[in-house]
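Below is one structure; the comments refer to it alone.
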Amino acid sequence: MSTVQRLACLGDARWWSFLWRYLRGRTPWDTRITPPEVMAFLETAPPGRALDLGCGTGTNAMTMARRGWHVTGIDFAPQAIWTARRRASRVKPAIDFRIGDVTDLQGVRGPFDYALDIGCLHALTTSQQNRYAAGLPALLRPGAKYMLYAWLPRRWRGKQRGIAMERVHVLFDDAFETRRRVIGEEGGTPTAWYWFVKRAD
C-alpha cells in the first residue's frame with residue numbers, strides 16, 4: 001500500500017470500523033467457507049492466475065491455491081491480511097496477500113484469468129466504485145472470468161447500502177459480457193451473483 005493510500009485509509013471511518021471489528025473478532029462475513037458458486041467454477045476451470053478483491057482472511061484465495069491457482073489477494077484491513085498470511089503459510093502455490101486499495105491497483109501486475117469479489121464492491125462509495133471499475137479490466141486478459149457477489153440496495157443502520165443491478169451494469173458492461181445473474185438473499189438481505197467474461201480489448 002502506498003503512502004497516499006495509507007493516509008486515505010487513516011481518514012476513512014470505514015477503515016477504522018473494519019480494523020476494530022477484526023481486532024474484536026466481530027466479523028460475521030468471515031465464514032471460512034468458500035461459496036458453492038465459486039466451488040462450481042473451480043471444478044471446471046483450469047488453474048491460472050486469480051485476483052481476489054477484498055480477500056479478507058484468505059479463505060477463497062486458499063481454496064483456489066489448493067487447486068493450483070496462483071492467487072493475489074487484496075484487502076485494506078491489515079488485520080485481515082496478517083491473518084490470511086498466517087493461515088496460508090503452508091499453502092502451495094504461495095499466495096501473494098497484499099494490504100491495498102481495490103480502487104487503486106496500479107501496483108498489481110496482470111494479466112489474470114479470474115477475478116473474484118465477494119462483498120467488496122457494494123461497500124464502496126460511488127466514486128470508489130468508479131475507480132474500481134476503471135482499473136479492473138486492465139488487469140484481466142480477454143476471456144477472463146469475473147465473479148461478483150453484492151448486496152442489492154436496502155436500508156441498514158439508517159443508511160442506504162448495497163448496489164443496484166443497473167448500477168453494476170453501468171460500471172462493467174463496456175468491458176465485460178454478462179453470462180449470468182442470480183438473485184438471492186443473505187440473512188434477509190437481498191443479494192445478487194454476477195458472472196462476467198472480459199471482452200476482447
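Bear in mind these aren't lab numbers, they're just calculated from the coordinates by the rules spelled out. On a predicted model such as this, the values are computed, not experimentally measured, just so you know. Here the Cβ positions follow ideal geometry from the backbone for every residue, glycine too, while neighbour counts run over all protein chains shown.
Here Lys198 is the anchor, and the lysines within straight C-alpha reach of less than 29 Å, apart from those fewer than 8 places off in the same chain, are Lys92, Lys145.
For the ranges 48-56, 133-141, what's the packing order if you count other beta-carbon atoms within 10 Å of each residue, average per peptide, and put the highest first?
Output ranking for 48-56, 133-141: 48-56, 133-141.
Relative to one another, the C-alpha centroids of the stretch 122-197 and the stretch 49-83 are positioned 19 Å apart.
Taking loop as defined by DSSP and a crowding limit of 12 other beta carbons within 10 Å, which trypsin sites (Lys or Arg not before Pro) in the stretch 143-201 fit? Walk me through the numbers on the way to the answer.
Working: sites: Lys145, Arg154, Arg155, Arg157, Lys159, Arg161, Arg167, Arg179, Arg180, Arg181, Lys198, Arg199; in loops: Arg157, Arg199.
Filter output for the stretch 143-201: Arg157.
Rounded, prolate or oblate: pick one for the stretch 94-165, where a ≥ b ≥ c are the square roots of the eigenvalues of its C-alpha gyration tensor, a/c under 1.5 means rounded, and failing that, prolate if a/b is larger than b/c, else oblate. It is prolate, given that a/c is not under 1.5 and a/b is the larger ratio.
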